[in-house]
Structure formats: structure tokens, C-alpha cells
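Data first, discussion second: the structure below is written as C-alpha cells.
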Amino acid sequence: MITRIDHVQLAAPKGCEAAAREFYGAILGLREIKKPPSLRARGGCWFQCGEQQIHIGVETPFQPAKKAHPAFAVADLGELRETLLAHAVKITEDDSLPGTRRFFAEDPWGNRLEFLECNLL
């Protein structure tokens, strides 16, 4: 029986590691975790996100996910918005989900990401 989501994998192009560490690590504040030695040669990198992980994996040829996306629950959406804007990350506001403040953005390779604050009603 399924008990939880362990990780979400996002695709990125070859040579993505420095940009992944900057975006997911430095800007979003996720802690990088070491990949198992048997998987390191594949490239990419992994980050801890609460109890789950975000795996950035190399895909060739690469194509960003424009519809499918992870949604990150955020304690202070306004602060994250300002941080992303300060790093020239484009924000797309969305108010179509009642009781939720949210926006969409893209990682350095164009993968869609959702950031939200829930239970505002």
C-alpha cells in the first residue's frame, strides 16, 4: 500500500548541476543531499524538501515539463516571490484555487513549478 511520495524527479539538460545548485539550493533554500555512488555518473543532483526529495536528473534530449509540475507549500509566499523576482525569475500569478494564494514560476530549464500558501479561508 502506498504511504507517501518519496521524491519528485525533474528533468534537466546535461551540465545542469551548477544551475540546479544555484536555483534549488541558494535561491529556494533546499539542502543538497548526496546521490548514491552508483547513480552519480548519470549527472544531476538531489535536494531535500521537507520529508520528500527533489531529484534533478539529466535527460537527453531534454524537454521541459510545461504542464506537469511539483507544487511546493510555502510558509511565506510574499517573501519567496520577492526572492525569486530579485533573481529575475518570472512569476505567473494565479487566483483560481479558493483559499489558496499561489503562483507559478520556471526553473532554469523551463520546468513549471507551483508555489502556494493554503488554508487562507
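Computed quantities for the displayed model
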{"item": "Net dipole in debye of the chain [+1 Lys, Arg Cβ; -1 Asp, Glu Cβ; about Cα centre; nearest 20]", "result": "540 debye"}
{"item": "Alpha-carbon centroid distance for the pair the stretch 26-59 / the stretch 62-86, whole angstrom", "result": "17 Å"}
{"item": "Whole-number percent relative contact order across the chain, with pairs defined as alpha carbons under 8 Å at least 6 apart", "result": "25 percent"}
{"item": "Restricting the stretch 46-115 to chymotrypsin sites (Phe, Trp or Tyr not before Pro) in coil, as DSSP defines it, with at most 16 other Cβ within 10 Å", "result": "Phe62"}
{"item": "Extension gain (nm, one decimal) between His87 and Gln9, 0.36 nm per residue minus Cα-Cα", "result": "25.7 nm"}
{"item": "Rounded to 10°, Cα long-axis angle of helix 77-86 versus longest principal axis of the chain", "result": "60 degrees"}
{"item": "Fully extended contour minus Cα-Cα distance, from Cys118 to Thr60, at 0.36 nm per residue", "result": "17.3 nm"}
{"item": "Options Cys45, Ala88, Gly25, ranked by Cα towards positive dipole end of the stretch 7-117, top entry (Cβ charges)", "result": "Cys45"}
{"item": "Loop trypsin sites (Lys or Arg not before Pro), the stretch 1-66, which have at most 10 other Cβ atoms in a 10 Å radius of their Cβ (DSSP)", "result": "Arg4, Lys34, Arg42, Lys66"}
{"item": "Computed [θ] at 222 nm, deg cm²/dmol, the chain (DSSP H ≥ 4; -39,500 (n - 2.57); rounded to nearest 500)", "result": "-3500 deg cm²/dmol"}
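Bear in mind these aren't lab numbers, they're just calculated from the coordinates by the rules spelled out. Treat the numbers as computed from the prediction; the structure is a model and nothing was measured. We place every Cβ from the backbone using ideal geometry, glycine too, and count neighbours over all the protein chains shown.
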